[in-house]
Amino acid sequence: MKNLNKQRMFWQSRRGMLELDLLLVPFVQEVFDDLTTDDQVLYQDLLDHEDQDIYAILMGSSHSEYEKYSAITSKILGHSKAQHLNTILNTKK
């Protein structure tokens, strides 16, 4: 079984692309503990890919081999969208 330690996931979420860091690091810090074990394993599997592949998966690559990541990518992108919306709403106060 894979090691699904949150701290380990945090460091694996730190990537070589700023765009990925901005999506993955807040997700793992704020959401990872609330994921099901299956989603945590899927997130770990996603991180096993190269940065360019992860970026393509998150941006909606149509490769059938990446379809298994649709559930976790929607959660990552949903979290990012909510995070940005909260930032916008808080700056308007």
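The values are calculated or read from the model by the stated rules, or taken from the named source; none is laboratory data. Model, not experiment: these values are computed from the prediction. Neighbour counts are summed over all protein chains in view; Cβ atoms, including those assigned to glycine, are modelled from backbone coordinates with ideal geometry. SASA here: full protein model, heavy atoms, side chains in, ligands and nucleic acids out. Shrake-Rupley method; radii C 1.70, N 1.55, O 1.52, S 1.80 Å.
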- Query: Given the structure, is residue 74 open to solvent by 30 Å² or more (accessible area, probe 1.4 Å), assigned to a helix (DSSP H, G or I) and over 20 Å from residue 11 (Cβ atoms)?
  - Reply: yes
- Do any residues in segment 30-45 that are under 14 Å from residue 8 (Cβ atoms) have Cβ atoms under 9 Å from those of residues that are polar (S, T, N, Q) and in a loop (DSSP other than H, G, I, E, B), where the two are at least six apart or on different chains, and which pairs are they? 44/3
- Contacts under 7 angstrom Cβ, first residue in segment 71-85 being farther than 12 Å from residue 25 by Cα, partner of a type in the set (Ser, Thr, Tyr) and surrounded by 11 or more Cβ atoms within 10 Å (Cβ to Cβ), 6 or more apart: 72/43
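One line per residue, one yes/no per condition, for (1) open to solvent by 50 Å² or more (accessible area, probe 1.4 Å); (2) closer than 15 Å to residue 76 by Cα:
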site	(1), (2)
4	no, no
7	yes, no
11	yes, no
14	yes, yes
19	yes, yes
29	yes, yes
32	no, yes
42	no, yes
47	no, yes
- Candidate set from segment 55-66 (those that are exposed (fewer than 12 other Cβ atoms within 10 Å of the Cβ) and part of a helix (DSSP H, G or I)); member that is modelled with the lowest pLDDT: 64
- How many residues of segment 35-52 are under 13 Å from the mean Cα position of the chain (by Cα) and not aliphatic (A, V, I, L, M)? The answer is 8
